[in-house]
Structures are given as structure tokens and as C-alpha cells.
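Worksheet: one structure, shown below.
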Amino acid sequence: MIHLYTGEGKGKTTAAIGMCVRAAGRGFRVCFAQFMKGNDTGELYVLKNLPGVTILRSEISFGFYSTLSPQDKAKLTDIHNHILDELLNGVRDGAYDMVILDEVTYPVKWRLLDRGKMGQLLNAGKGDGTDEVELVLTGRDAEDFMKITADYITEMECIRHPYARGIIAREGIEY
């Protein structure tokens with residue numbers, strides 16, 4: 001089945017990490033793929049040591065989308081498509097029981113990945129929920145085709161956030 005964690009509130013990646021830990025604890029083979037993130041994040045230290053968990057992500061931090069040059073966008077698109085290729089191959093080969101696509105809504109919205117490949121991956125996650133791969137998608141502003149395909153949709157709502165008071169992201173809390 002397909003899970004979608006979206007919305008303006010905090011907790012989308014955290015929810016996906018919780019699913020990763022739960023699944024790994026039950027012996028699932030999980031691929032945790034991060035899109036748009038190349039910077040150091042605290043969850044990586046734990047996830048890379050969990051048995052059965054594979055991590056796919058860019059090793060390059062490109063910064064915010066608004067600061068990307070056309071060359072950066074092209075390079076990031078290549079990286080994202082390479083990640084999608086690896087995920088599709090892994091799903092086709094039966095290598096994973098769960099695939100997490102963290103922050104995938106952004107490259108979909110900004111056309112920084114091949115939407116056809118994304119559609120193929122979503123189709124691989126559709127079924128009766130008994131023997132197919134479980135897909136988990138996170139990010140704000142999910143496209144309609146992602147919402148239509150999802151079996152579970154959780155929208156995180158931001159009621160209050162310290163960032164509005166000028167408090168920047170804190171290590172171990174937001175990253």
C-alpha cells in the first residue's frame with residue numbers, strides 16, 4: 001500500500017522514520033531514500049546501523065531550490081533519477097518490503113525527477129496490501145496524482161512553530 005505524509009506541519013520525515021524502525025524491527029527489508037537532502041541529518045546515524053535498512057541519497061548538499069543554478073538542477077535531476085532507477089530495480093527484484101521516499105514531493109513538483117519513473121514506482125506499490133512493496137512518501141504540497149494513488153494520507157498541520165519567532169532549525173530536533 002502507499003502512505004503519504006504531507007502538509008505544512010513538522011513530523012512527516014519523523015513519521016516515516018518511525019515506520020522504517022517498526023518494519024526493520026519485524027525483519028522487513030527497507031530502503032530509505034532521501035530526495036533534496038544531501039546534508040548531514042541525525043536519523044542517518046541510527047538508520048544506517050539497523051539490520052535490513054538500505055539508505056539512498058545524494059552525497060552533495062545543493063541547498064534550497066530557490067538558490068539552484070540550471071546546472072545544479074540538472075545534476076540534482078540526474079541524482080534523483082538514479083535513485084528512482086535503483087528503487088525500481090530493487091522493487092522489481094523483490095529486494096525490499098518497504099520503500100520510503102523522503103521529501104519526494106518537492107522534486108516531483110519542481111520537475112527534478114522523471115515523473116514516468118515515479119508513476120512506475122507508485123504502480124508497484126498498488127495492490128491488495130498482502131505481498132507487494134509498501135511505499136511511504138513524504139513532503140509538502142503533494143501532487144494530486146500522489147494523493148489519488150495513496151491508500152493512507154496524513155496531512156500534518158502547523159499550528160505553531162518556533163521558526164515563526166526566528167528560532168532556526170536545531171540539531172537533533174529538526175535535523
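Inspect segment 75-82 for any residue being surrounded by fewer than 16 Cβ atoms within 10 Å (Cβ to Cβ) and among the hydroxyl-bearing types (Ser, Thr, Tyr) and give the result as yes or no.
no
Among the residues of segment 6-40, write down those that are part of a loop (DSSP other than H, G, I, E, B), open to solvent by less than 30 Å² (accessible area, probe 1.4 Å) and closer than 23 Å to residue 159 by Cβ. Show your work before the answer.
So in segment 6-40, the residues part of a loop (DSSP other than H, G, I, E, B) come out as 8-11, 26-29, 35-40.
Retained after the next criterion (residues that are open to solvent by less than 30 Å² (accessible area, probe 1.4 Å)): 9, 11, 35, 38.
Answer for segment 6-40, where residues must be part of a loop (DSSP other than H, G, I, E, B), open to solvent by less than 30 Å² (accessible area, probe 1.4 Å) and closer than 23 Å to residue 159 by Cβ: 9, 11.
Got at least one residue in segment 55-72 being assigned to a loop (DSSP other than H, G, I, E, B), crowded, with 19+ Cβ neighbours inside 10 Å and of a type in the set (D, E, K, R)?
Yes: segment 55-72 contains one or more residues that are assigned to a loop (DSSP other than H, G, I, E, B), crowded, with 19+ Cβ neighbours inside 10 Å and of a type in the set (D, E, K, R).
State all residues of segment 41-54 that are surrounded by fewer than 15 Cβ atoms within 10 Å (Cβ to Cβ) and β-branched (Val, Ile, Thr); if no residue qualifies, say none.
46
Residue 85: open to solvent by 40 Å² or more (accessible area, probe 1.4 Å), in contact with a helix residue (DSSP H, G or I) (Cβ under 8 Å, 6 or more places away or on another chain) and not hydroxyl-bearing (Ser, Thr, Tyr), yes or no?
Numbers: open to solvent by 40 Å² or more (accessible area, probe 1.4 Å): yes; in contact with a helix residue (DSSP H, G or I) (Cβ under 8 Å, 6 or more places away or on another chain): yes; not hydroxyl-bearing (Ser, Thr, Tyr): yes.
When the stated conditions are applied, residue 85 passes them.
Any idea how many residues of segment 56-79 are under 24 Å from residue 21 (Cα atoms) and free of Cβ contacts under 8 Å to residues at least 24 places away in the same chain? Walk me through it before giving the result.
As a first pass, look at segment 56-79 and keep what is under 24 Å from residue 21 (Cα atoms): 56-59.
Filter again for free of Cβ contacts under 8 Å to residues at least 24 places away in the same chain, leaving 59.
Final tally of qualifying residues: 1.
The values are calculated or read from the model by the stated rules, or taken from the named source; none is laboratory data. All values derive from a computational prediction rather than experimental measurement. Cβ atoms come from the backbone with ideal geometry, glycine included; neighbour counts cover every protein chain shown. The accessibility values were calculated without ligands, DNA or RNA, using every heavy atom of the protein model including side chains. Shrake-Rupley method; radii C 1.70, N 1.55, O 1.52, S 1.80 Å.
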